[in-house]
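*Asks:* Structure provided below as structure tokens; questions to follow.
The values are calculated or read from the model by the stated rules, or taken from the named source; none is laboratory data. Not measured: the values here are computed from a predicted model. Glycine gets a Cβ as well: all are built from the backbone with ideal geometry, and neighbour counts include every protein chain shown.
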Amino acid sequence: MVTSLSRKIWQTLASIKTGVILLILVVIFSAVGTLILQRPTTDPDELQRAYSPQMLRVLDALGLTNVFHAWWFVLLLTLVSLSIIAASVQRFPNAWRFYSRPYKSPDENFRKAQALQAVIPVRNEEAGLSAAERGLRKSGFNAEHIVHENSFSLFSERNRFSEMAVYIVHASLLLIFLGTSIDALYGWRASLMLTRGEQSNHVQPENATTRTLPFFVRCDSAGRENYADGSPKKWWSNLSVIENGNVVLRKQIAVNDPLVYRGLRFYQASFGDTGKIDRLELVATARDGHDQKDFTIGLDETFPLDADTTVRLAEFFPDYAVGDGRVYARSNSLENPAAHLVVESKKSGKQINVWRPQIPGLDENEASPYIFEAKDVQMAYFTGLEVSHEPGQWFVWAGVILLGLGLAVVFYLVHVRIWIVPVRDARCQLALWVGGTANKNREAFEHRFSKLVEEIEREIKNSEQAAGVETSVATVAVR
């Protein structure tokens, strides 16, 4: 009973119907994974905006927000793989027998069953086969002599290996499914936020503990390019990989151009303002008008204006407001900026609070020996990186390449076989039986077969005419 059950399971797995149904399910759920927003690549806030709390709970419970890492998707891929293996194992012996031992000497029953065949009368078997061989070569076919006890026939074949292309496709699908399963079981995705000059080796997967990388990633700079209407065109980040204290790799990444190092991919996922200043460009003019300085300063940086006076950028508000005798930021947007500068005298130690723009009740601008004007401000930006570890990608890419080769063979290479056999017709007259078959594109092959038969008839006719002339010449010579 166990043997009977195992045989039934094997036959079910090896069934073409089972394989097709499983493949359709894989395609359907893969499409679902592209239509429904997926974790962790989608920001949690975006998921909350896209789906109601109840719908999001249902999608999470079914694994539809992380389809390609769900256990049931891996199980489905495993079943498809087992079905492909079972079908291949069951059918391969016959396919290999057909491939390794081509049928070159057709018997009478085989000849009668052929859809494409022709019978060409000849006077001499050897001369007729020689003419037929020339016709084959002129039509682009090589001829193989098949020797029998008292005669020989011709056989021609092209692209026999295309019969095995289906197994190339099967192997490619197995590689793709293997790589996808490895990624689902052992791969992970995480996020990393960096500002200019910041470096880190800690990434944060969603709903998982922080991972520590064996190297640091530093953001050297980040920015974006805009279209004429101000909408973002491109986000980019200049990244450096630091290992053992040395920079081992530098690259500018964009949305579809990641940095790859040690099997990890760093994608440009987001970009935005931190609400903090990066650099402030100022012009300081002495009140007596004898000295003027252009300089750039960062937050909490100090710049010497002269031998006795320094200035420090103490605070910066991108969108300031005043309330209850203090300054606060209403937003992180650079709409109404304010800078708090502290001018200090080394000799007296006195500090003067300078605000640009002036804020009554808080600024001491008139007491400052210098007048400050802001020329430009550069805000600090953060770059959002998506970090992915996909150990099965090499299997996936190998499978994709192999799949392309297999499909090219399946669709563009035709297995063609042609037989030419000397026979006796119903009136016992000598003739050449010509038959041919193709495993695909039969209409095109039918036209080509007709051309081949015409070429063989032409060669036979020319051969027999030449033989008739030679006989006549020989007769005249004897007389």
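*Asks:* If you take just the helices (runs of 4 or more DSSP H) that sit entirely in the range 1-117, which of them hold at least 2 residues that are of a type outside the set (Val, Ile, Thr) and within 28 Å of Val203 (Cα to Cα)?
*Replies:* Of the helices (runs of 4 or more DSSP H) lying wholly inside the range 1-117, those with at least 2 residues that are of a type outside the set (Val, Ile, Thr) and within 28 Å of Val203 (Cα to Cα) span 16-35, 44-50, 53-62, 71-100.
*Asks:* Continuing with the same structure: Identify, please: which residue in the range 118-130 is of a type in the set (A, V, I, L, M, F, W, C) and assigned to a strand (DSSP E or B) and is, among those, nearest to His170 (Cα to Cα)?
*Replies:* Among them, the one singled out is Ala118.
*Asks:* Among the numbered criteria (1) in contact with a helix residue (DSSP H, G or I) (Cβ under 8 Å, 6 or more places away or on another chain); (2) surrounded by fewer than 18 Cβ atoms within 10 Å (Cβ to Cβ); (3) touching a residue at least 12 places away in the same chain (Cβ under 8 Å), which one does Lys104 miss?
*Replies:* Lys104 satisfies every listed condition except (1).
*Asks:* If you don't mind, there's one more thing I want to ask. Please go through the range 139-158 and give me each residue that is touching a helix residue (DSSP H, G or I) at 6+ places or on another chain (Cβ under 6 Å) and farther than 10 Å from Ile420 by Cβ, ordered by number.
*Replies:* Of everything in the range 139-158, just one residue is touching a helix residue (DSSP H, G or I) at 6+ places or on another chain (Cβ under 6 Å) and farther than 10 Å from Ile420 by Cβ, namely Ser139.
*Asks:* Suppose we filter the range 299-344 for residues that are modelled with pLDDT of 90 or more, among the small types (Gly, Ala, Ser) and out of contact with any Pro (no Cβ under 8 Å at 6 or more places or on another chain); how many remain?
*Replies:* Adding up the residues that qualify gives 3.
*Asks:* Next question, about the same structure. When you check Ser231 against the structure, is it over 26 Å from Trp188 (Cβ atoms) and surrounded by fewer than 10 Cβ atoms within 10 Å (Cβ to Cβ), yes or no?
*Replies:* The answer is yes for Ser231.
*Asks:* While we're here: So, in the range 201-224, of the ones that are charged (D, E, K, R) and over 17 Å from Ser191 (Cβ atoms), which residue ends up modelled with the lowest pLDDT?
*Replies:* Arg224
*Asks:* I need every pair where a residue in the range 221-234 that is in contact (Cβ under 8 Å) with a residue 12 or more places away in the chain has its Cβ under 7 Å from the Cβ of a residue that is in a loop (DSSP other than H, G, I, E, B) and surrounded by 10 or more Cβ atoms within 10 Å (Cβ to Cβ), sequence separation at least 6 or different chains.
*Replies:* Ser221/Arg196; Ala222/Arg196
*Asks:* Hey, Leu64 hits all of (1) surrounded by 13 or more Cβ atoms within 10 Å (Cβ to Cβ); (2) within 21 Å of the chain's Cα centre (by Cα); (3) modelled with pLDDT of 90 or more; (4) not β-branched (Val, Ile, Thr) but one; which does it fall short on?
*Replies:* So the condition that Leu64 fails would be (2).
*Asks:* Return a yes/no flag: does the range 124-135 have any residue that is within 27 Å of the chain's Cα centre (by Cα), of a type in the set (Ser, Thr, Tyr) and not assigned by TED's automatic domain parsing to the domain that holds Tyr261.
*Replies:* No, the conditions are met nowhere in the range 124-135.
*Asks:* Then there is this: Considering (1) surrounded by fewer than 18 Cβ atoms within 10 Å (Cβ to Cβ); (2) within 21 Å of the chain's Cα centre (by Cα); (3) among the aliphatic types (A, V, I, L, M), say which one Ala113 fails and leave the rest.
*Replies:* Result: Ala113 passes all but (2).
*Asks:* Within the group Val387, Val416, which residue is among the β-branched types (Val, Ile, Thr), surrounded by 14 or more Cβ atoms within 10 Å (Cβ to Cβ) and under 18 Å from the mean Cα position of the chain (by Cα)?
*Replies:* Val387
*Asks:* Quick one: Ile359 ticks every box in (1) surrounded by fewer than 19 Cβ atoms within 10 Å (Cβ to Cβ); (2) touching a Ser or Thr at 6+ places or on another chain (Cβ under 7 Å) except a single one, so which number is it?
*Replies:* (2)
Residue-by-condition table, conditions (1) small (Gly, Ala, Ser); (2) not assigned by TED's automatic domain parsing to the domain that holds Lys350:
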{"site": "Gly263", "(1), (2)": "yes, yes"}
{"site": "Gly289", "(1), (2)": "yes, no"}
{"site": "Phe303", "(1), (2)": "no, no"}
{"site": "Thr310", "(1), (2)": "no, no"}
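*Asks:* Another question about this same structure. Among the residues of the range 188-215, which ones are of a type in the set (D, E, K, R) and either over 18 Å from Ser237 (Cα atoms) or part of a strand (DSSP E or B) (or both)?
*Replies:* Once the filter is applied, which keeps residues that are of a type in the set (D, E, K, R) and either over 18 Å from Ser237 (Cα atoms) or part of a strand (DSSP E or B) (or both), the range 188-215 yields Arg189, Glu206, Arg211.
*Asks:* For the structure I just gave you, tell me whether Ala165 is under 30 Å from Val89 (Cβ atoms) and surrounded by 16 or more Cβ atoms within 10 Å (Cβ to Cβ).
*Replies:* yes
*Asks:* Among the residues of the range 131-153, count how many are surrounded by 17 or more Cβ atoms within 10 Å (Cβ to Cβ), acidic (Asp, Glu) and in a strand (DSSP E or B).
*Replies:* 0
*Asks:* Residue check: is Phe382 under 30 Å from Asp278 (Cβ atoms) and either at pLDDT below 90 or surrounded by 13 or more Cβ atoms within 10 Å (Cβ to Cβ) (or both)?
*Replies:* So Phe382 fits the description; yes.
*Asks:* Further question on the same structure: When only residues in the range 250-297 that are in contact (Cβ under 8 Å) with a residue 12 or more places away in the chain and small (Gly, Ala, Ser) count, which is farthest from Trp394 (Cα to Cα)?
*Replies:* Among those residues, the one meeting the criterion is Ala286.
*Asks:* Tell me, yes or no, whether the range 244-266 has at least one residue that is more than 30 Å from Val343 (Cβ to Cβ), of a type in the set (Ser, Thr, Tyr) and part of a strand (DSSP E or B).
*Replies:* Yes; the residues of the range 244-266 include at least one that is more than 30 Å from Val343 (Cβ to Cβ), of a type in the set (Ser, Thr, Tyr) and part of a strand (DSSP E or B).
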